[in-house]
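Since the structure comes first, as structure tokens, the remarks are kept for the end.
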Amino acid sequence: MPVRPAAPAYDYIIIGAGSAGCVLANRLSEDPDVRVLLLEAGPRDWHPFIHMPAGLAKLVNRKGVNWNYDTAPEPQLDNRTLWWPRGKVLGGSSSINAMCYIRGVPGDYDDWAARGATGWHWDNVLPYFRRSEGNRRGADALHGGDGPLAVSDLRHVNPLSRVFIEAAQQAGFPHNDDFNGPQQAGVGLYQVTQKDGARCSAAVAYLRPARERPNLTVETGALVNRITFESGRASGVVYGARGRAFHQPAAREVLLCGGAINSPQLLMLSGIGPAEELRAHGIAVQVEAADVGGNLQDHLDICTLYHATQRLTYDRLSDARIAWGYYLRNRSGAGTSNIAEAGGFVRSRLAPDDRADIQLHFVPAMLDDHGRKRLAGDGYTLHACFLRPRSRGRIRLASARASDKARIEANYLSDADGFDLKMMVECARLSREILKQSAFAPYRGAPIYPAREDLSDCELEAFIRAKAESVYHPAGSCRMGEDAASVVDPQLRVRGVDGLRVIDASVMPVLPGGNTNAPVIMIAERAADLIRGCI
Ligand SMILES: Cc1cc2nc3c(=O)[nH]c(=O)nc-3n(C[C@H](O)[C@H](O)[C@H](O)COP(=O)(O)OP(=O)(O)OC[C@H]3O[C@@H](n4cnc5c(N)ncnc54)[C@H](O)[C@@H]3O)c2cc1C
């Protein structure tokens, strides 16, 4: 396909309109003299199920807004391939996620700084969490009250979510009404990224208010195939849109915000990566960077499911036209639920420090295979994940074409001392402990997964290998650091070339202890200041 030069020139080209890309598009185009082009492979975020929070249950199977990745067969998980949904739409994964607003704890960012992310310790990042946050409870020393990202209390809570909180308290865990407050540990309801009962994705929060700016151009259905270089500097991008190929120059910088899978893929397709890997696919080496695609991390999660004896759950929500109609008229009711309404953070007996190391998400519905498999009847699910996994995976190329999915080798449970597996057993035991409490007695039916309540540790290990899944937080595959092997430096500049940064979940040196949307938005807020030279 011939490559056409596209006009006009832009100062910044942002690749990917996800959580990070939308923030950058807004912040950089605040200066009317700066011309910004935002390229997104997916469509506009027009679909009503994106905006109606409970629509996420319907989005799981919508191919048009999801990259629908599968990992390679996972050796420690019975060679299963695990499903990795990722948003392919304006807002990226923030348009399909579960809206839980969580930042992690100060020690997570102090860990980043200790691993070479100089300037990213808690005191550095807190102002950016606060700047992004529009918490409906108002501002305080830890929270922002007027930032673009609306953070709200749930408008509708399923009675079983409250039963879960009571049961967890019976099991000895304290109630916590703010997981982003002075203490993360405890159980309670999540605050959610919602505004007036609708999802507040990064596109809603950051892109919508900037869309009318004449210096911001947003192109959807635009798949970037590679970044181009001139004399060691990123000079632009080659992308396909509307059946044609374009070469678009960038006057100042190219900002890669493709997420933890696509960013390392695009670096490799552009000649930055492990030399052997590039040569194997016939790609000329621009910069040899062995760590591109490495250091991949994710939160592995195990679900415990029970049948419910009462018809209170959301199992029939996807058929419940009444709930949808009611939502559209009133912006309240079950349609505003993020489904994973309650949860918490627990410090296990194996925790090496004072941080919680297990996160819980309670779902008043039966979630088998991410909800893609419908089970008969009604039930409930408790997710538990280990927050600081030691296993590391990698992203590799399947071919030299951007249109082919990259190969994901998550390598779950592969750490040498088997600690991750031990922690997953802790997760399953903790779930069982909470779900057996008397608060659940009026609602508890037969166990589904695991099928028996008296499994030994050995049997729990087998259960985990057979059933554990991703809880959707891949990160770390373009690690930031001070060492020469890190992919980006602490200003998020790709080592070995000029004019190119990576800004998204892939730059995290290590996963924070919690969900990842707010941390990515913080990264992009701070990156905007780095680019503008304000810090
Ligand atoms: C189902 C699900 C549930 C989740 N639940 C929560 C939750 O409750 N709370 C929470 O905090 N986090 C949650 N997360 C995680 C969180 O949403 C992500 O970590 C975060 O959105 C990642 O942001 P990002 O900017 O790194 O990538 P993304 O938001 O995924 O953005 C990347 C964007 O780049 C685009 N792109 C990629 N390659 C190209 C290319 N070559 N050309 C053009 N465009 C390209 C993609 O289409 C996408 O729009 C969830 C994620 C999922 C998938």
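The values are calculated or read from the model by the stated rules, or taken from the named source; none is laboratory data. Since the structure is predicted, the reported quantities are computational estimates derived from the model, not experimental observations. Cβ placement follows ideal geometry from the backbone for every residue including glycine, while neighbour counts extend to all protein chains displayed. Accessible surface areas use protein heavy atoms only, side chains included; no ligands, DNA or RNA. Shrake-Rupley method; radii C 1.70, N 1.55, O 1.52, S 1.80 Å.
Within the group W46, W67, which residue is open to solvent by 30 Å² or more (accessible area, probe 1.4 Å) and either more than 17 Å from R211 (Cα to Cα) or among the basic types (K, R) (or both)? Outline the logic, then answer.
Details: W46 fails: either more than 17 Å from R211 (Cα to Cα) or among the basic types (K, R) (or both).
Just a single option satisfies the conditions, and that option is W67.
For segment 357-371, state whether one or more residues are surrounded by fewer than 24 Cβ atoms within 10 Å (Cβ to Cβ), acidic (D, E) and more than 22 Å from the chain's Cα centre (by Cα).
For segment 357-371, residues surrounded by fewer than 24 Cβ atoms within 10 Å (Cβ to Cβ), acidic (D, E) and more than 22 Å from the chain's Cα centre (by Cα): absent.
Would you pick out the residues in segment 490-509 that are in a loop (DSSP other than H, G, I, E, B), away from the ligand (no atom under 14 Å from the Cβ) and open to solvent by less than 20 Å² (accessible area, probe 1.4 Å)? Lay out the reasoning, then the answer.
Filtering segment 490-509 down to residues in a loop (DSSP other than H, G, I, E, B) leaves 490-492, 495-497, 499, 503-504, 508-509.
Filter once more, keeping what is away from the ligand (no atom under 14 Å from the Cβ): 490-491, 495-497, 499, 509.
Of everything in segment 490-509, those that are in a loop (DSSP other than H, G, I, E, B), away from the ligand (no atom under 14 Å from the Cβ) and open to solvent by less than 20 Å² (accessible area, probe 1.4 Å) turn out to be P490, V497, G499, P509.
Quick one: would you say A260 is more than 30 Å from R444 (Cβ to Cβ), within 15 Å of the ligand (Cβ to nearest atom) and of a type in the set (G, A, S)? Give the steps one after another, and end with the answer.
Working: more than 30 Å from R444 (Cβ to Cβ): yes; within 15 Å of the ligand (Cβ to nearest atom): yes; of a type in the set (G, A, S): yes.
Yes, satisfied.
Out of L350, L305, L317, L296, I need the residue that is within 16 Å of the ligand (Cβ to nearest atom), of a type in the set (A, V, I, L, M) and either open to solvent by less than 20 Å² (accessible area, probe 1.4 Å) or over 24 Å from the mean Cα position of the chain (by Cα) (or both). Which one? Walk me through how you get there before you give the answer.
Working: L350 fails: within 16 Å of the ligand (Cβ to nearest atom); L305 fails: within 16 Å of the ligand (Cβ to nearest atom); L317 fails: within 16 Å of the ligand (Cβ to nearest atom).
After applying the criteria, what remains is L296.
Would you pick out the residues in segment 2-60 that are of a type in the set (K, R), farther than 30 Å from Y327 by Cα and either at pLDDT 95 or above or within 15 Å of the ligand (Cβ to nearest atom) (or both)? It would help to see each step written out before you state the result.
Initial filter on segment 2-60 (of a type in the set (K, R)): 4, 27, 35, 44, 58.
With farther than 30 Å from Y327 by Cα added as a condition, the list becomes 4, 27, 35.
Those that are of a type in the set (K, R), farther than 30 Å from Y327 by Cα and either at pLDDT 95 or above or within 15 Å of the ligand (Cβ to nearest atom) (or both): R27, R35.
Taking A98, is it assigned to a loop (DSSP other than H, G, I, E, B), modelled with pLDDT of 95 or more, within 14 Å of the ligand (Cβ to nearest atom) and crowded, with 19+ Cβ neighbours inside 10 Å?
Details: assigned to a loop (DSSP other than H, G, I, E, B): yes; modelled with pLDDT of 95 or more: yes; within 14 Å of the ligand (Cβ to nearest atom): yes; crowded, with 19+ Cβ neighbours inside 10 Å: yes.
Spelling it out, A98 is indeed assigned to a loop (DSSP other than H, G, I, E, B), modelled with pLDDT of 95 or more, within 14 Å of the ligand (Cβ to nearest atom) and crowded, with 19+ Cβ neighbours inside 10 Å.
Kindly indicate which of G418, G393 is over 23 Å from the mean Cα position of the chain (by Cα) and among the small types (G, A, S). If you could, list the steps in order and put the result at the bottom.
Details: G393 fails: over 23 Å from the mean Cα position of the chain (by Cα).
When all the criteria are applied, what remains is G418.
Count, please, the residues in segment 387-402 that happen to be of a type in the set (K, R) and within 30 Å of L350 (Cα to Cα).
Counting residues in segment 387-402 that are of a type in the set (K, R) and within 30 Å of L350 (Cα to Cα) gives 4.
For segment 123-136, how many residues meet the condition of being open to solvent by 10 Å² or more (accessible area, probe 1.4 Å), touching a residue at least 24 places away in the same chain (Cβ under 8 Å) and within 30 Å of D196 (Cβ to Cβ)? I'd like the intermediate steps shown before the answer.
The first filter runs over segment 123-136 and keeps only residues open to solvent by 10 Å² or more (accessible area, probe 1.4 Å), leaving 123-124, 126-128, 130-131, 136.
From what is left, the residues that are touching a residue at least 24 places away in the same chain (Cβ under 8 Å) are 124, 128, 131.
Restricting the remaining residues to those that are within 30 Å of D196 (Cβ to Cβ) gives 128, 131.
Of the residues in that region, 2 qualify.
May I ask you to list the residues in segment 189-224 that are surrounded by fewer than 21 Cβ atoms within 10 Å (Cβ to Cβ) and within 11 Å of the ligand (Cβ to nearest atom)?
The answer is E219, T220, G221, L223.
Which of the strands (runs of 3 or more DSSP E) contained wholly in segment 229-340 include at least 3 residues that are touching a strand residue (DSSP E or B) at 6+ places or on another chain (Cβ under 8 Å) and closer than 29 Å to V23 by Cα? Reasoning before the result, please.
Values: elements: 233-241, 244-256, 300-308.
Those strands (runs of 3 or more DSSP E) span 233-241, 244-256.
If I227 meets every condition in (1) on the phi < 0 side of the Ramachandran plot; (2) open to solvent by less than 10 Å² (accessible area, probe 1.4 Å); (3) more than 15 Å from the ligand (Cβ to nearest atom) apart from one, which number is that one?
(3)
Given the options W112, W120, name the one that is open to solvent by less than 10 Å² (accessible area, probe 1.4 Å), outside any helix (DSSP H, G or I) and at negative phi.
Selected residue: W120, the only one of W112, W120 that is open to solvent by less than 10 Å² (accessible area, probe 1.4 Å), outside any helix (DSSP H, G or I) and at negative phi.
If we scan segment 71-87, do we find a residue that is within 9 Å of the ligand (Cβ to nearest atom), touching a His at 6+ places or on another chain (Cβ under 8 Å) and among the hydrophobic types (A, V, I, L, M, F, W, C)?
Of segment 71-87, the ones within 9 Å of the ligand (Cβ to nearest atom) are 84-87.
Still in the list and also touching a His at 6+ places or on another chain (Cβ under 8 Å): 85.
Among the residues that remain, those that are also among the hydrophobic types (A, V, I, L, M, F, W, C) are: none.
Checking segment 71-87: not a single residue is within 9 Å of the ligand (Cβ to nearest atom), touching a His at 6+ places or on another chain (Cβ under 8 Å) and among the hydrophobic types (A, V, I, L, M, F, W, C).
Would you please list the contacts, defined by Cβ atoms under 9 Å and residues six or more apart or on different chains, that run from a residue in segment 49-65 that is among the aliphatic types (A, V, I, L, M) to a residue that is open to solvent by less than 10 Å² (accessible area, probe 1.4 Å) and modelled with pLDDT under 90?
That search, which allows pairs on different chains as well, returns I50/L59; V65/L59.
Filter segment 103-145 down to the residues that are within 13 Å of the ligand (Cβ to nearest atom) and in contact with a Phe, Trp or Tyr (Cβ under 6 Å, 6 or more places away or on another chain) and list them by number.
Narrowing segment 103-145 to residues within 13 Å of the ligand (Cβ to nearest atom): 103-104, 129, 132-133.
R103 - this is the single residue of segment 103-145 that is within 13 Å of the ligand (Cβ to nearest atom) and in contact with a Phe, Trp or Tyr (Cβ under 6 Å, 6 or more places away or on another chain).
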